[in-house]
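Here the structure comes first, spelled out in structure tokens, and everything after it is commentary.
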Amino acid sequence: MKRFFSIALLLTALVSCSAPAEREAVSVIPQPEHFQLGDGAFRITSDVPVYLDEMTPEFERIAEFLNERLSAAAGFTLKTAEADLRNTNVRGIWFLNAGLPTERYELQVTPEKIVIEYGDGAGAFYGLQTLLQLLPTEIFADHRVHGVRWEVPCCDIEDAPRFAYRGMHLDCCLHFFEMDFLKRYIDLMALHKVNRFHWHLTEDQGWRLEIKKYPLLTEKGQWRKETVIGSLKSGVYDGIPHGGYYSQEEVRELVQYAAERYVTIIPEIEMPGHALAAISCYPELSCGLEDHYETATKWGVFKQVFCTKDETFKFLEDVMDEVFELFPSTLVHIGGDECPKASWKQCPHCQAMIRKLGLKDEFELQSWFITRMEKYINSKGHEIIGWDEILQGGLAPNAKVMSWLGEEGGIKAAQQHHEVVMAPYPKYYLDYWQADPDSEPLAMDGPTLLRTMYEYNPVPEILKPEERRYIIGVEGCVWTEYMPTPARVEYMAWPRMCAIAESGWSNVAKDWEGFTRRLEHHLKRLDGLHVGYCKAFFNPFIEFHDDTKYDKVVTMSIDAPDAEIRYTLDGSEPTMASPRYELPFVINRQQTVTARAFRDGRPIGEPRYKSF
Ligand code: ACM
Ligand code: ZN
């Protein structure tokens with residue numbers, strides 16, 4: 001490893017400890033592995049050069065990401081020049097290849113210079129992300145901010161990811177999202193060092209990926225004639241066709257956009273279930289038990305799945321061939337979840353297959369289906385990952401598992417020495433409420449609070465030490481039944497995704513209190529970026545616990561640090577004179593709890609109400 005940083009200089013520049021108030025202003029999410037704050041700061045002014053060890057388009061682009069922010073918020077940009085390694089004691093921002101492992105970076109800031117050491121573009125990029133978070137939060141503004149000194153506190157950071165796979169999923173089928181929003185989604189991922197975009201592209205409710213060989217998939221399969229209003233049980237529909245798809249040109253554009261931000265896109269093509277949109281276009285791929293197939297207009301699980309006949313495999317292999325052309329990712333997601341067996345039980349062909357292959361049942365038929373597809377996908381140099389249910393009837397030999405049905409599937413797969421990404425519901429499901437459902441718009445279920453997400457340990461204790469290495473990462477899932485708009489997606493995903501990103505990246509012990517301090521500061525960055533995140537962080541969370549039929553026991557909590565909760569039971573707005581919540585208490589039927597958080601004698605957030 002090349003070391004450009006003088007140890008003596010470092011020792012004089014750094015002090016081991018700094019005042020808490022000062023530390024609060026330094027908040028990086030996800031938390032770096034080693035972070036030592038020093039005295040003083042480096043001030044970025046328009047005459048500070050950026051020195052690049054490698055003057056290549058890749059590293060010039062990384063410098064450009066810094067310039068984009070500076071240009072918007074500070075009103076100037078920095079010139080880049082090739083680093084002269086014989087003379088590195090020059091004031092500037094230095095990007096130096098120190099041969100570090102992939103994604104790792106070291107960042108040293110002294111009053112004289114900023115040095116980011118890396119081993120590859122990802123490391124340099126993550127060093128830059130941290131640098132941006134060390135600047136005043138106004139650096140994330142989209143307009144010129146006056147009166148800010150663009151100072152970076154002196155520090156010494158060594159940082160590396162905990163997991164190779166740090167994912168964020170987006171379902172673009174239950175609702176369709178435009179390209180601009182997907183780019184923004186990827187930008188936010190990259191800011192949090194999240195490096196896998198799991199793109200859910202096919203579903204019962206719509207097929208979203210252009211496949212040249214099967215044009216009907218998007219001509220027809222993108223559409224559903226209407227969408228259920230409310231929950232899937234309401235039986236009320238909007239009468240408005242919903243559609244949208246991504247052309248292959250758009251896919252290439254997004255893959256490139258993501259790659260420039262060190263995000264790999266993992267496409268998901270669902271099989272054998274969640275196939276109704278495809279079957280509605282090509283009914284010959286079904287078990288043929290119905291006269292008519294139509295793209296689903298409500299949510300849930302549908303019995304119309306791909307039949308196990310050769311036509312299906314020909315179709316899926318053709319689709320995969322185009323997928324491989326579009327997505328450089330080694331890993332492809334083949335779904336595998338929620339495949340009811342009703343059609344296969346009735347289908348003469350599927351039953352004949354079970355007999356011919358000597359299988360025990362439809363679960364083994366599903367395993368055979370996935371294994372057959374895996375063989376094809378492996379033969380093309382790609383690997384599969386699937387949801388837990390691909391464990392049913394036996395896991396395909398080389399498959400990775402994305403564990404969503406709690407942890408059991410992930411544990412089982414790891415014990416069988418298959419790699420696992422932990423994406424368990426409800427802990428990592430961002431479609432669950434994040435606050436009291438009484439005060440929130442419709443969501444899937446829950447709530448799953450920020451703290452629950454933060455504290456979840458993605459490496460189950462039950463695994464033996466040698467099995468733990470099979471947990472290769474984490475993923476936050478964004479199913480969009482109840483997220484028809486980009487604003488709603490952002491509201492549900494953030495800031496909870498910050499917690500998952502930190503579990504994916506940070507190699508440090510969890511510290512909820514410290515996280516909340518950093519997060520409150522970090523929210524100002526999200527404000528600058530106009531992320532419409534949920535502000536439950538600043539509001540009391542009131543919970544009623546059943547007791548007798550006449551009373552309930554009330555507990556309350558608040559995420560924001562240094563806040564106190566004050567409440568009333570008569571419907572009036574709490575003030576600083578109202579009782580302060582200290583311990584659980586009992587209420588009767590006539591009482592309504594109204595609670596509000598206060599800090600330093602002033603209210604923060606919004607009042608929250610809860611009635612019997
Ligand atoms: C899933 O939520 N069906 C993977
Ligand atoms: Zn069949």
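The values are calculated or read from the model by the stated rules, or taken from the named source; none is laboratory data. Nothing here was measured: the structure is a model prediction, and the numbers come from that model. As a convention, Cβ positions derive from the backbone with ideal geometry for all residues, glycine included, and neighbour counts pool all protein chains shown. Just so you know, the surface numbers come from the protein's heavy atoms only, side chains and all, with ligands and any DNA or RNA stripped out. Shrake-Rupley method; radii C 1.70, N 1.55, O 1.52, S 1.80 Å.
What to note about this one:
- Residue match in the range 357-371 (condition: in contact with a helix residue (DSSP H, G or I) (Cβ under 6 Å, 6 or more places away or on another chain), open to solvent by less than 30 Å² (accessible area, probe 1.4 Å) and closer than 24 Å to Met422 by Cα): yes
- Odd one out for Cys173, checked against (1) touching a His at 6+ places or on another chain (Cβ under 7 Å); (2) part of a strand (DSSP E or B): (2)
- Scanning the range 321-334 for any residue that is within 11 Å of ligand 2 (Cβ to nearest atom) and assigned to a loop (DSSP other than H, G, I, E, B) turns up nothing.
- Here Thr102 meets the list (1) among the hydroxyl-bearing types (Ser, Thr, Tyr); (2) over 26 Å from Glu58 (Cα atoms); (3) surrounded by fewer than 21 Cβ atoms within 10 Å (Cβ to Cβ) almost entirely, failing just condition (2).
- Residue selection: Leu450 fails the criterion of being open to solvent by less than 40 Å² (accessible area, probe 1.4 Å), farther than 21 Å from Met189 by Cα, more than 16 Å from ligand 1 (Cβ to nearest atom) and of a type outside the set (Val, Ile, Thr).
- One residue stands out among those in the range 403-429 that are within 12 Å of ligand 1 (Cβ to nearest atom) and assigned to a loop (DSSP other than H, G, I, E, B): the one that is surrounded by the most Cβ atoms within 10 Å (Cβ to Cβ), which is Tyr428.
- Any hit, the range 536-547, residues being in a loop (DSSP other than H, G, I, E, B) and surrounded by 13 or more Cβ atoms within 10 Å (Cβ to Cβ): yes
- Selection within the range 309-355: residues that are away from ligand 1 (no atom under 16 Å from the Cβ) and β-branched (Val, Ile, Thr). The member of this set that is surrounded by the fewest Cβ atoms within 10 Å (Cβ to Cβ) is Thr330.
- Residue count, the range 525-535 (criterion: crowded, with 17+ Cβ neighbours inside 10 Å and in a helix (DSSP H, G or I)): 3
- Out of Tyr432, Tyr456, sole residue that is open to solvent by less than 40 Å² (accessible area, probe 1.4 Å) and either closer than 30 Å to Lys360 by Cα or away from ligand 1 (no atom under 16 Å from the Cβ) (or both): Tyr456
- Residue list for the range 141-163, restricted to those being closer than 22 Å to Asn507 by Cα and open to solvent by 60 Å² or more (accessible area, probe 1.4 Å): Arg162
- The range 444-463, residues that are over 15 Å from the mean Cα position of the chain (by Cα), in a helix (DSSP H, G or I) and closer than 23 Å to Asp171 by Cβ: Thr452
- Beta carbons closer than 7 Å, at least 6 apart along the sequence or on distinct chains, pair a first residue in the range 285-296 that is outside any loop (DSSP other than H, G, I, E, B) with a second that is within 12 Å of ligand 2 (Cβ to nearest atom) and open to solvent by 70 Å² or more (accessible area, probe 1.4 Å) for Leu285/Glu311.
- Filtering the range 509-521 for residues that are closer than 16 Å to Met189 by Cβ, open to solvent by less than 30 Å² (accessible area, probe 1.4 Å) and not charged (D, E, K, R) leaves an empty set.
- Looking across the range 115-140, the residues that are open to solvent by 10 Å² or more (accessible area, probe 1.4 Å) and assigned to a loop (DSSP other than H, G, I, E, B) come down to Gly119, Asp120, Pro136.
- Selection within the range 385-413 - of a type in the set (Lys, Arg) and in contact with an Asp or Glu (Cβ under 6 Å, 6 or more places away or on another chain): Lys400
- Residue selection: His274 satisfies the criterion of being crowded, with 23+ Cβ neighbours inside 10 Å and closer than 22 Å to Met444 by Cβ.
- Residues that are assigned to a helix (DSSP H, G or I) and within 16 Å of ligand 1 (Cβ to nearest atom), drawn from the range 356-402: Gln366, Ile370, Asp388, Glu389, Ile390, Leu391
- Flag for Val305 being part of a loop (DSSP other than H, G, I, E, B), at pLDDT 95 or above, open to solvent by 40 Å² or more (accessible area, probe 1.4 Å) and over 24 Å from Gly167 (Cα atoms): no
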